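The values are calculated or read from the model by the stated rules, or taken from the named source; none is laboratory data. No experiment lies behind these values; they were computed from the predicted model shown. Counting neighbours? That spans all protein chains shown, and the Cβs are built from the backbone with ideal geometry, glycine included. Note: accessible area is taken over every heavy atom of the protein model, side chains too, but ligands, DNA and RNA are not part of it. Shrake-Rupley method; radii C 1.70, N 1.55, O 1.52, S 1.80 Å.
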Amino acid sequence: MRENREPRRPVTLPGFALLEDGTTVTVAIVDLSYDGCKVEIPVALLPEAKVRLSVSRLGALDATVRW
């Protein structure tokens with residue numbers, strides 16, 4: 001883990017994740033920084049999985065699961 005990462009801010013942002021298999025699931029982003037975010041998601045994802053997060057007012061962003 002990077003020691004110099006930006007501190008994360010607590011948020012409550014509902015959104016959706018498009019998984020690699022084309023499935024869309026509802027998510028909640030619970031903290032956020034320029035370096036990443038913590039997402040509550042109802043399915044298990046493996047590290048390095050690619051997802052596309054879509055959040056109102058923030059748009060859609062490509063993301064990689066880290067842990």
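How much net charge surrounds residue 46 when only other residues with a Cβ under 13 Å from its Cβ are counted (Lys, Arg +1; Asp, Glu -1)?
-1
Place a +1 charge on the Cβ of each Lys and Arg in the chain and a -1 charge on the Cβ of each Asp and Glu, then give the dipole magnitude about the Cα centre in debye, rounded to the nearest 20.
Numbers: 9 positive and 9 negative charges, 41 e Å.
Value, rounded to 20: 200 debye.
Only sites in a loop by DSSP and with at most 11 other Cβ atoms within 10 Å count here; which GluC sites (Glu not before Pro) in region 1-49 make the cut?
Loop-located and lightly packed - 3, 20, 48.
Residues with amide H under 5 Å of residue 33's amide H, sequence separation 5 or more or different chain, H placed in the peptide plane at 1.01 Å from N; which?
Result for residue 33 returns 9.
May I ask you to compute the full-extension gain from residue 8 to residue 20, defined as 0.36 nm times their residue separation minus their alpha-carbon distance, rounded to one decimal in nm?
Stretched fully, the residue 8-residue 20 segment lengthens by 1.7 nm.
Using a simple spin-label model with points 7 Å from Cα along the Cα→Cβ vector, what separation in nm is obtained for residue 56 and residue 33?
Calculated label separation equals 2.8 nm.
Roll a 1.4 Å probe over the protein chains and send me the accessible area per residue for the chain in Å².
Per residue, the chain has an accessible area of 79 Å².
I need the peptides 24-31, 60-67 ranked by packing, meaning the mean over residues of other C-beta atoms within 10 angstrom, with the highest value on top.
Working: 24-31: 15.0, 60-67: 11.1.
Highest to lowest by the protection proxy: 24-31, 60-67.
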